[in-house]
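K.L.:
Structure provided below as structure tokens; questions to follow.
Any read-out appearing in this document is the output of simple, stated calculations on the displayed coordinates, not a laboratory observation. This structure is a prediction, so every number in the text was calculated from the model and none was measured. So basically every Cβ, Gly included, is an ideal-geometry build from the backbone, and we count neighbours across all protein chains shown.
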Amino acid sequence: MIDNTIDMLCDTPAVERPRYFPRQLITPEDLIMEQDYFRNRMRMHNRLLHGWGVVCGALVSPAPAKNGSGGLEPWLVRVCPGFILGPYGDEIVIACEQEIDLRQNSLTGSAADPCGMGRDPWCGEIWIERDPSAKLYLAVKYREMAVRPVRVQPGGCGCDESRCEFSRLRDGYEIRVLTEAEYQQVKMSGATPPAWDELFKAPNTHNPSCWPCPSQPWVALASITVDDSGRPILIDNCGPRRLVAALGGFHWMCATGVTIESVTPASIQQGDQNLELAITGEGFQNGLKVVLGKGVTVTDGPYNILVNTTPNSFKVRVNVGADAETGSRNVVVINPDCSYAASNPILEVTPRPLIAPGPERPRPVERVAERVKEAPVEDSKTPREKPKPPRKG
């Protein structure tokens, strides 16, 4: 594995990508151009919309002594896992905890490396004389690494089959120890943005200029002060550190915003027609729809009901079927934006009472008696004589 030491500057334009067509001869340059187009677009998005700095993690802490004495290792600090956006828009992932010897120049690694496999790019234990009284700074930058060498097939009839090319580019990082002078260059390389709340206050609501490209690729993590023996006595993770907004853990739990408090009248009868109901609650919108269950019909057309604001209420007219199911039922309100509320059973449908039979009309006894009195009385014992027929001849 080798390191590509060319820093990817943020002023690389992303204005052209290849267009493929049938029978086209595609070259490596075409495929690399397509990669660079989308990578540079992503860098521009990160740098101008999110900024650069530490997103989360990447805290620096002392390293406990390995001999179990309970002390601290001299000249040794630990960098915890974290995620950083570089000044040029690159994403830096520190996947494992790394130990940094402050007497070495730097350490490189990537998210694909096994934990604890960070490398000194000098490939050896070359120590730098550090002044214990001088403050040191730990910084990180994006580094692209070429990996997975493969043998290149000969292009002609030659016998050279030993040529190799790296077949992969791996996103990595380099952690470096900076002196006070080097840190000041990093500190002055980026423009200082205004306070977040000042961006939305008049008269500062003018058209902003694009942020200039920083001249340094480093993101400072911490300042370190050591004692005479090199043991860290103060690690400041706040003073030199630049933070950017991290919305990965930001969330809130929403509420429906629509509630039904009461319905008046709370009791209706089977067969009621053109009955007015008043419903009170919160979150009602003009043009809502009301559902009162089977057998109860809202005569107002759907989504054309007007709502009062104070209190939040509305009125509807309903018809209750003669065979509507009796008992308690829910009231459902559906707003035009699909928010809705379903109440507890607060509306009662009662049966219509049966009509009681009226009092029985008395018989006219007196008139009957009079008719009986006026009728001729015949003697039942004396048979009535029949007239004799006339005699013939």
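K.L.:
Evaluate the Kirkwood expression for the hydrodynamic radius of region 259-350, namely the inverse of the mean inverse distance over all pairs of different C-alpha atoms, and round to one decimal in Å.
P.N.:
13.0 Å
K.L.:
In debye to the nearest 20, how big a dipole does region 259-350 give about its Cα centre with +1 on each Lys and Arg Cβ and -1 on each Asp and Glu Cβ? Don't skip to the end; give the middle numbers.
P.N.:
Working: 5 positive and 9 negative charges, 22 e Å.
I would put it at about 100 debye.
K.L.:
OK, next. Which of Asp113, Asp236 comes first, and how do the rest follow, when ranked by fewest Cβ neighbours within 10 Å? Numbers along the way, then the final one.
P.N.:
On the way: Asp113 18, Asp236 14.
Starting with the residue having the fewest Cβ neighbours, the order is Asp236, Asp113.
K.L.:
For region 20-41 and region 263-337, what is the centre-to-centre distance using only Cα atoms, to the nearest Å?
P.N.:
63 Å
K.L.:
A follow-up question, please. Could you work out the local net charge near Asn67, counting Lys and Arg as +1, Asp and Glu as -1, over the other residues with Cβ closer than 14 Å to its Cβ?
P.N.:
Result for the local shell: +1.
K.L.:
Dipole of region 259-350 (Lys/Arg Cβ +1, Asp/Glu Cβ -1, origin at the Cα centre): which of Thr259, Gly283, Cys338 lies farthest to the positive side?
P.N.:
Of the candidates, Cys338 comes out farthest on the positive side.
K.L.:
Let me check I've understood the local charge: for Pro149, count other residues with C-beta under 12 angstrom from its C-beta, Lys and Arg +1, Asp and Glu -1. What total comes out?
P.N.:
Details: positive: Arg148, Arg151, Arg163, Arg168; negative: Glu165.
Neighbour charge sum, excluding Pro149 itself: +3.
K.L.:
Okay, moving on. Output wanted: per-residue J couplings in Hz (rounded whole) for region 69-76, from phi through Karplus 6.51 cos²θ - 1.76 cosθ + 1.60, θ = phi - 60°, x for Gly and Pro.
P.N.:
After applying 6.51 cos²θ - 1.76 cosθ + 1.60, I find 7, x, x, 10, 6, x, 6, 10 Hz.
K.L.:
Quick query: amide H of Glu73 versus all other amide H atoms, modeled in the peptide plane; which residues come in under 5 Å with a sequence gap of 5 or more or a different chain?
P.N.:
Here the answer is Ala63, Ala65, since their amide H atoms fall under 5 Å of that of Glu73.
K.L.:
Under the Karplus relation 6.51 cos²θ - 1.76 cosθ + 1.60, θ = phi - 60°, what is the ordered set of whole-Hz ³J(HN,Hα) values for region 36-41, x standing for Gly and Pro?
P.N.:
Those phi angles translate into 4, 4, 6, 5, 5, 4 Hz.
K.L.:
Across region 170-185, in residue order, what do the Karplus-derived ³J(HN,Hα) couplings come to in whole Hz, using 6.51 cos²θ - 1.76 cosθ + 1.60 with θ = phi - 60° and x for Gly and Pro?
P.N.:
Along region 170-185, the couplings run 10, 6, x, 8, 10, 9, 10, 8, 10, 7, 4, 5, 5, 5, 4, 5 Hz.
K.L.:
Continuing with this model, one more query. For Ser262, Ser110, Ser313, which order do you get if you count the other beta carbons within 10 Å of each Cβ and list the fewest first?
P.N.:
Placing the least packed residue first, the sequence is Ser262, Ser313, Ser110.
K.L.:
Next question, about the same structure. FRET efficiency for Trp211 and Ala181, Cβ-Cβ distance as r, R0 = 25 Å, nearest 0.05?
P.N.:
0.50
K.L.:
Here is a follow-up. Show the residues, 5+ positions off or on another chain, whose built amide H is closer than 5 Å to the amide H of Asp272.
P.N.:
Here the answer is Val320, since their amide H atoms fall under 5 Å of that of Asp272.
K.L.:
When a footprinting reagent is the concern and you count Cβ atoms within 10 Å, what order do Arg151, Arg39 take, fewest first?
P.N.:
Values: Arg151 10, Arg39 15.
Going from sparsest to densest Cβ surroundings: Arg151, Arg39.
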